[in-house]
Structures are given as structure tokens and as C-alpha cells.
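Structure record follows, encoded as C-alpha cells.
Every number in this text was worked out from the coordinates using simple rules, so none of it is lab data. Note that the structure is a prediction, hence the values are computed from the model and not measured. Methodologically, a virtual Cβ is constructed for each residue, glycine included, from the backbone with ideal geometry; neighbour enumeration extends over all protein chains shown.
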């Protein structure tokens with residue numbers, strides 16, 4: 001999925017058409033949304049010159065005089081249009097995203113400046129999304145910001161921002177985090193900047209495309225930067241080892257770890273090196289053991305479900321006996337034990353507990369997991385002014401950054417020689433210097449929940465109780 005949105009500020013000039021065509025070819029765009037075309041009539045040949053081939057379809061909203069105008073173009077083999085709603089301030093296209101065979105609503109927005117007109121637009125779009133039985137992506141120039149940090153050098157309208165934010169939340173939309181530049185619009189003098197352009201998607205889009213991200217590209221012939229919604233699959237090497245609490249509930253886990261640990265023999269003279277190698281060997285053995293155990297649990301789960309189906313059929317035929325009912329209760333108990341192990345992994349991954357325990361197949365639950373993964377993942381960094389997504393370059397940039405941050409400080413450090421009027425009292429100083437007692441540490445640790453504070457390796461307080 002590659003979707004580009006750009007406020008072109010007039011599409012009539014040849015150089016702007018060539019710029020759009022270059023962006024389209026470079027990023028292999030599937031869907032293109034252009035705002036403020038300032039063209040009252042867009043022909044098939046105009047669109048073909050922008051797209052570069054004949055495999056396209058398009059919908060356009062004509063400009064009013066020398067202002068407005070929206071154009072949406074898409075790859076006909078990727079998106080199939082079922083219908084469209086055209087307005088001066090938006091184009092809504094209903095259809096099917098063919099690679100995933102999912103119903104999707106694509107909306108290109110060019111919001112008005114007047115607060116009242118914007119509120120009316122937000123209400124209409126919110127109703128449009130709620131009535132649509134599928135996923136939605138809303139993109140374009142919203143002419144509004146959500147927080148004060150999204151404006152620089154201009155006044156911040158609290159009421160307008162609150163109304164815009166309420167529209168996003170009430171519609172169940174997610175504001176896709178923009179990578180690259182912080183602002184999408186800039187005054188020619190660079191004295192004013194704002195984040196006016198963005199992508200808003202339903203949580204189902206994040207579930208379908210967990211690695212989706214938005215990138216703010218370089219500005220060229222417009223005051224607005226193009227924004228690109230795309231899938232980024234970066235391979236940063238092997239995934240780190242992570243311990244799951246469900247393993248402790250698996251039969252034979254403790255004895256397997258003990259037997260494996262005692263079986264290792266390393267001849268290194270350094271005790272820490274021997275300890276490290278034993279941990280590495282243990283990690284490999286645990287991975288293989290858990291993989292084999294889960295395979296057998298999956299087979300056992302299917303067998304239990306088939307047995308329950310068979311018993312239910314017998315019960316419907318009137319074959320009822322105490323032995324059959326007791327057997328059914330035992331099968332249900334064993335099936336629930338297996339499901340609890342699966343649920344425990346999902347709870348640890350999402351770090352939440354939902355209202356109804358055990359509903360691990362809910363769209364909401366998996367949406368939370370994918371949303372966290374999408375928001376927390378790092379897909380690129382600026383290196384000498386260039387946005388880089390290559391994993392080797394990203395890792396090297398992080399290494400260099402923290403190497404500088406954690407290097408030994410210089411000896412000639414700044415010293416403050418000035419009177420401070422607000423000082424700690426002697427009692428406060430003594431309280432800060434006083435040693436922490438074992439009882440305080442014990443109370444602090446014992447008051448923590450079993451599933452709290454999981455680190456990168458997954459170990460929680462339950463492992464240490």
C-alpha cells in the first residue's frame with residue numbers, strides 16, 4: 001500500500017505535473033490525492049500525463065474559479081471503485097482494496113478556512129465513516145492542528161483544535177504518526193510552520209497493515225510537503241529472546257531448564273564468559289522446547305475440540321449418561337487450560353487487561369497489539385539531513401548517538417558560583433541522604449503486581465517472587 005497526498009497549490013504548470021509524475025514513479029504510488037488543483041476541468045490526458053501509464057481510474061472535484069479543486073487517481077488493478085461522493089471540500093470513494101479483498105473508504109480532504117464550515121465538514125465525515133461498513137483512510141489538507149506543538153510562529157486556536165480532535169476520536173480514527181519532518185506546511189519566509197496535512201485511518205487498517213507508516217517528503221514546488229502512507233518492512237536482524245510467563249505453567253519446563261543447565265560444560269577460564277555461554281545455549285534449548293510444546297498443545301486443542309463436538313452430537317441424539325457428562329466437563333477444563341496459556345502470552349504482548357477475560361480473538365484486542373507495534377517501531381532516522389530507512393544505517397546512527405551521549409565527560413565542567421534563595425532544609429537533606437531500609441524495598445516490591453514492569457526480555461515481578 002503506497003498512498004500519496006499533496007496540496008499542489010495549482011496543477012496547471014508543466015513543472016508541477018512533472019514533479020507529481022516523478023513522485024508517482026519514484027514511490028510506486030497506488031493511490032494519489034491532490035488538493036487545490038485550481039483547475040475547473042481535468043481531462044483524461046491530463047491525468048495520464050500525471051500517472052505515466054493507462055492503468056488508472058480517477059475522480060475529480062472542479063475548482064471554484066482560482067481556488068480549490070481535488071483530484072484522486074488510483075491504480076485500477078489495486079483499487080476497484082464502487083461509488084463516489086464529490087464535494088467542494090472532499091472526495092469520498094467507496095470500493096475494494098483488491099490485494100487484501102477488503103472494503104475501504106478513501107477520502108481526500110481540502111478543508112475550508114472558516115471554523116463553522118470546518119465543523120460542518122467534520123460532522124459530515126464522521127457520519128460518513130460511522131455508516132460505512134468497512135475500513136477508512138482520510139487524507140489531505142485539514143487546515144487545522146490538534147496541539148500547540150503542531151504550530152510554530154502563528155496563533156493556536158484552542159476551540160478549533162478541540163473540535164478537530166473530537167472529530168478524530170468520535171470517528172474511531174487513528175492519526176498516523178508522521179516520520180521525517182515535523183511540519184507539512186511552511187510560509188515562504190519560513191517564519192510560520194504548521195502540521196496541516198495528515199493521514200487518519202481506522203484501527204482495522206493498522207490490523208491489516210501492522211508495519212504501515214507515514215513519511216513527510218521534501219517540499220519542492222509547493223508550500224506543502226507531500227505525505228506518503230506506505231508499508232515499511234525493515235529487517236533489523238534476529239528478534240531478541242523474550243521470556244513469556246505461560247512457559248512457567250507448561251508441564252516439564254522447570255525440569256527441562258534444570259537438566260539443560262547441568263548438562264552444559266564450558267572450559268573457559270573466565271567465569272562470566274562461561275555463564276554467558278551457558279545462557280546462550282539455554283536460550284536455544286528453551287526456544288526449541290517451547291516450539292515443540294506449542295505444536296503438541298495445538299494438536300491437543302484440536303483433538304479436544306473434536307471430542308467435544310462428538311459428545312455434543314451424542315447428547316443431541318439423546319445419548320445422555322453420567323459418564324458422558326463427566327467426560328465432557330473434563331474435556332472443557334483441559335481445553336480452558338490450553339486457552340489460558342495462549343491468552344497469557346497475548347496479555348503480556350499487549351500489556352493490558354481487557355474487560356472480558358479470554359476474548360483474545362476480538363478485533364479490539366488485536367488492534368491494541370498492532371497499534372502499539374506500529375506506534376513504537378522505529379523505521380528510519382535523519383542522517384546528515386537525509387531520511388534513511390536502511391537497517392544497517394539506522395543501527396549505526398543509533399550506536400553513534402548513544403556513544404556520544406555516554407562518553408566520559410570532560411574534566412573542565414561548568415561550575416555555578418551564585419547564591420540560591422530556595423534551598424533544602426537540613427531535615428530534607430538528611431532525608432535524601434538517609435540509607436533506604438530493607439523494609440522499604442520489600443514493601444515497594446511486594447506492592448507491585450505479578451504482571452508489572454516487563455522489560456525487553458519479558459521478565460516480570462512474578463519471576464522473582
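For this structure, a couple of remarks:
- Averaging the Cα positions of each part gives two centres, and for region 1-65 and region 163-215 these lie 21 Å apart.
- The long axis of helix 253-263 is offset from the longest Cα principal axis of the chain by roughly 70 degrees.
- Gain in span if fully extended, residue 231 to residue 305, counting 0.36 nm per residue against the direct Cα distance: 22.9 nm
- Nearest 10 degrees, 0 to 90: helix 14-27 Cα axis against the chain principal axis: 20
- The orientation-averaged projection of the convex hull spanning the C-alpha atoms of region 6-64 amounts to 3.7 square nanometres.
- Distance histogram for region 2-231 (every C-alpha pair counted, 10 angstrom bins, percent rounded to whole numbers): 8, 35, 40, 16, 1
- Degrees separating the helix 115-131 axis from the principal Cα axis of the chain, which is the longest one: 50
- Efficiency of FRET from Cβ geometry, residue 250 and residue 170, R₀ 51 Å, rounded to 0.05: 0.70
- Region 77-153: proportion of alpha-carbon pairs further apart than 22 angstrom, %: 31
- Considering all different alpha carbon pairs of the chain, the Kirkwood hydrodynamic radius works out to 27.5 Å.
- In this simple spin-label model, placing a label point 7 Å from the Cα along the Cα-to-Cβ direction at both residue 117 and residue 85 gives a separation of 1.9 nm.
- Cα gyration tensor category, rounded, prolate or oblate, for region 102-215 with a/c compared to 1.5: oblate
- Between residue 400 and residue 447, the simple spin-label model (points 7 angstrom out along Cα→Cβ) gives 4.6 nm.
- Gain on full extension, evaluated as 0.36 nm per residue between residue 242 and residue 377 minus their Cα-Cα distance, stands at 46.9 nm.
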